[in-house]
Amino acid sequence: KKAIEAGLKELFGAFSDIRGASTALWGAGAYVVNVAGWTGTNDGDMKSAHLKKTGKPIRLHAIEVYQFAGGKVSKMWMFSNGLAMATQLGLVPPQGAAPQKPGAEPRKPGAR
């Protein structure tokens with residue numbers, strides 16, 4: 001519980017306006033699967049991800065799988081596209097962009 005609280009505190013510190021919306025939900029036995037969309041602006045650091053504030057918005061899709069035991073969530077897995085997030089934050093050049101020369105200034109997002 002403490003680890004989840006610490007993770008959420010860090011997430012909201014890095015994306016203070018983060019919003020999520022469920023687009024589909026299924027249940028089978030002890031499992032629930034949630035398909036969600038997330039948006040937010042990176043307006044703070046996220047030390048666990050080695051992320052410094054970029055001020056850039058993100059839009060992500062994720063799949064969350066919850067396992068229940070005794071009426072409570074016992075395990076949770078989240079799958080999302082970290083490369084898409086890194087690209088939106090300008091940490092990784094967009095697909096198809098020319099390779100950057102070693103020692104060169106970082107490219108501005110959208111620059112070729």
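The values are calculated or read from the model by the stated rules, or taken from the named source; none is laboratory data. In this text, all values refer to a predicted model and were calculated from it rather than measured experimentally. Because the Cβ atoms are built from the backbone with ideal geometry, glycine has one as well, and the counts that use them run over all protein chains shown. Surface accessibility is based on the protein's heavy atoms, side chains included, excluding ligands, DNA and RNA. Shrake-Rupley method; radii C 1.70, N 1.55, O 1.52, S 1.80 Å.
Compute, for the chain, the length of the dipole vector about the Cα centre, with Cβ point charges of +1 (Lys, Arg) and -1 (Asp, Glu) only. Units Debye, rounded to 20.
So the dipole magnitude of the chain works out to roughly 200 debye.
Under unit Cβ charges (Lys, Arg +1; Asp, Glu -1), what dipole magnitude, rounded to 20 debye, does segment 18-80 have relative to its Cα centre?
The dipole magnitude comes to about 180 debye.
For the chain, what does the helix formula give at 222 nm: sum of -39500 (n - 2.57) over DSSP H segments with n ≥ 4, over the residue count, nearest 500 deg cm²/dmol?
Using -39500 (n - 2.57) per qualifying helix, the result is -5000 deg cm²/dmol.
Carbon-plus-sulfur fraction of the accessible area of the chain, 1.4 Å probe, in percent?
Using a 1.4 Å probe with all protein chains present, the chain comes out at 61 percent carbon and sulfur.
Charges on Cβ only, +1 for Lys and Arg, -1 for Asp and Glu, centred on the Cα centroid of the chain; of Leu51, Ala3, Ala28, which one is farthest towards the dipole's positive end?
Leu51
Measure off 7 Å from each Cα along the Cα-to-Cβ vector at Leu11 and Val92, then give the distance between these two points in nanometres to one decimal.
Calculated label separation equals 2.0 nm.
Angle between the Cα long axis of helix 2-14 and the longest principal axis of the chain, 0 to 90 degrees, nearest 10?
Tilt of helix 2-14: around 40 degrees.
Per residue, what volume in Å³ does the convex hull of the Cα atoms of the chain enclose?
128
Express the accessible area of the chain per residue in Å², computed with a 1.4 Å probe while the remaining protein chains stay in the model.
74
Taking the radius of gyration and the Kirkwood hydrodynamic radius from Cα positions alone, what is the Rg/Rh ratio for segment 1-63, to two decimal places?
Looking at segment 1-63, the ratio lands at 1.06.
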